[in-house]
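The values are calculated or read from the model by the stated rules, or taken from the named source; none is laboratory data. Being a predicted model, the structure only gives us computed values, none of them experimental. Neighbour counts run over all protein chains shown; Cβ positions are idealised from the backbone, glycine included.
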């Protein structure tokens, strides 16, 4: 539900009964009149906050969808009937008609940065009623720019959470870490991945994700096919001896990454370690490990990127 809040000040010479009477007969009607034009702007703002078809968190997505569903049902936008045209520097990129039949189909236009003028380009979006159309409905649009960066060149960033990552050699016989930092391994070798999380304040709903180089694959110790000597992934607090694994309510092991989720994590420095095996030869670049609060994603951190090599046996 989209709500508008209006604040009115009571004159010192008015009693509360007089103020309430004046509000009911004047202020409330004024608020309704002012609020109608602002609701579409609120909807436009919500639509503009999406990324990859959803909002930043599961909570934001759920609340936003509920509000938008109620708005659409009352606004009459489901009866859309208009034409559109998108042009760049006078050249038509795409045009067409929107109606009940295709209202739910998103329209996507992808362009290369090289197609934009160095001095600036002009994008024009037009919405109009063609012959035989009612002109009902609204046109929503979002503009985004994406670029790729060399994963190995990404620098560490601390925006409330510190994240560091290391790769260490593992004894092939005992599968115990040797403590020697490495940037390469031979095929079938096992390495230990160590993430260090620095949490200056207590956090809730923390997500941690570590992307592995394509030549490494994490060992899932829950599988019977994994050697019994392999150590399970664990989380330790730097100034304590006992493991703090119970803070993380869910751990997901995939072939290309490991993800952790904690409902609550006290402030402190933590080390999370797990084992990975070299499965493919080559030189690979690894995306940074990241940690962020799910419902406050502006609080986050990432490690630096890395390059890892896997050689033949």
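Just a few scattered comments:
- Of all the residues in the range 85-108, those that are over 22 Å from residue 50 (Cα atoms) and in a loop (DSSP other than H, G, I, E, B) number 5.
- Set side by side, the residues 263, 290, 251 differ, and just one is at pLDDT below 90 and surrounded by 15 or more Cβ atoms within 10 Å (Cβ to Cβ), which is 251.
- Residue 300 being farther than 25 Å from residue 179 by Cβ, surrounded by fewer than 18 Cβ atoms within 10 Å (Cβ to Cβ) and not assigned by TED's automatic domain parsing to the domain that holds residue 55: no
- Single condition residue 62 does not satisfy, out of (1) in a helix (DSSP H, G or I); (2) touching a helix residue (DSSP H, G or I) at 6+ places or on another chain (Cβ under 9 Å): (2)
- Of the residues making up the range 171-193, those that are touching a residue at least 60 places away in the same chain (Cβ under 8 Å) and under 17 Å from residue 210 (Cβ atoms) number 7.
- For the range 71-102, the set of residues classified as touching a residue at least 40 places away in the same chain (Cβ under 8 Å) and loosely packed, with under 12 Cβ neighbours inside 10 Å consists of 76 only.
- Scanning the range 157-170 for residues that are under 15 Å from residue 212 (Cα atoms) and without any contact (Cβ under 8 Å) to a residue 40 or more places away in the chain yields a count of 2.
- So residue 214, is it within 24 Å of residue 284 (Cα to Cα) and in contact with a strand residue (DSSP E or B) (Cβ under 7 Å, 6 or more places away or on another chain): yes
- Here residue 112 meets the list (1) closer than 21 Å to residue 93 by Cα; (2) touching a residue at least 12 places away in the same chain (Cβ under 8 Å); (3) more than 23 Å from the chain's Cα centre (by Cα) almost entirely, failing just condition (2).
- Among the residues listed as 81, 101, 89, the single one being over 23 Å from the mean Cα position of the chain (by Cα), on the phi > 0 side of the Ramachandran plot and modelled with pLDDT of 80 or more: 89
- Residue that is out of contact with any strand residue (DSSP E or B) (no Cβ under 8 Å at 6 or more places or on another chain), under 18 Å from residue 126 (Cα atoms), surrounded by 13 or more Cβ atoms within 10 Å (Cβ to Cβ) and modelled with pLDDT under 90, where the choices are 44, 50: 44
- Criterion: modelled with pLDDT of 95 or more and either farther than 30 Å from residue 186 by Cα or assigned to a strand (DSSP E or B) (or both) - qualifying residue of 304, 309: 309
- Yes/no for residue 173 being loosely packed, with under 12 Cβ neighbours inside 10 Å, out of contact with any helix residue (DSSP H, G or I) (no Cβ under 7 Å at 6 or more places or on another chain), under 28 Å from residue 283 (Cβ atoms) and outside the structural domain of residue 93 (by TED's automatic domain parsing): yes
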